[in-house]
Amino acid sequence: MKTKVVAYIFVFVQFSMLALILATGPWLSPSPVGLLVELAGLLVGVVAIMQMQVGNFNVAPLPKQGGRLVTSGIYAVIRHPMYLAQLMAMLPLVTEYYSPFRLSAWIILLINLIFKQLFEEKQLINQYPDYEIYKQKSWRMIPFIF
């Protein structure tokens with residue numbers, strides 16, 4: 001029970017920060033570079049969802065019962081591409097329509113997603129014995145950095 005509560009707190013914070021960023025400014029970057037980063041984030045997210053397959057993932061950081069571990073495609077390189085996609089898509093909106101409030105929301109989103117990843121990976125290790133090996137062969141979110 002405690003695990004589910006913690007998992008949904010992560011989800012609540014995540015979606016609250018996304019909503020705050022989207023509600024306090026335009027949804028499209030005015031600069032070509034910003035728009036490319038935003039679109040790249042959306043593309044990473046769509047690819048990640050397609051490769052994970054809609055019925056195989058959960059919005060909460062809890063593995064689905066009967067789900068399968070996906071380690072191919074974008075997941076061969078990045079373990080959490082959907083989180084990276086959110087950060088990429090929101091970053092140009094925060095930097096190009098800057099306010100301390102929006103930056104704070106993005107930083108809270110970043111910190112929340114890092115802790116959500118750590119929490120989720122504990123759950124994945126418990127459900128999938130091969131997850132430890134997969135962790136050694138992939139990056140958490142940013143290749144060659146993190």
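Only the coordinates and a few stated rules stand behind these numbers; no lab work does. Note that this is a predicted model, so its numbers are computed, not measured. Positions of Cβ are generated from backbone atoms using ideal geometry, with glycine treated the same way; all protein chains shown enter the neighbour counts.
With all pairs of different C-alpha atoms in the average, the Kirkwood value for the hydrodynamic radius of the chain is 15.9 Å.
Between Phe101 and Phe57, the C-beta separation translates, for a Förster distance of 30 Å, into a calculated FRET efficiency of about 0.45.
Using the Cβ-Cβ distance between Lys135 and Leu22 with R0 set to 41 Å, the FRET efficiency works out to roughly 0.80. Here's the picture: charge each Lys and Arg Cβ at +1 and each Asp and Glu Cβ at -1 in the chain, and of Gln14, Leu118, Met88 the one pushed furthest to the positive end of that dipole is Leu118. Taking amide hydrogens as placed 1.01 Å from N in the peptide plane, the amide H of Ile78 sits under 5 Å from those of Trp139, each at least 5 positions away in sequence or on another chain. Counting every other Cβ atom within 10 Å of each residue's Cβ, Met17, Met82, Met1 order from fewest to most as Met1, Met82, Met17. Each label point was placed 7 Å from the Cα along the Cα-to-Cβ direction; for Met1 and Gln127 their separation is 2.2 nm. Leaving out same-chain residues fewer than 8 places away, which lysines sit with a Cα under 20 Å from that of Lys4? The qualifying lysines are Lys64, Lys116, Lys122.
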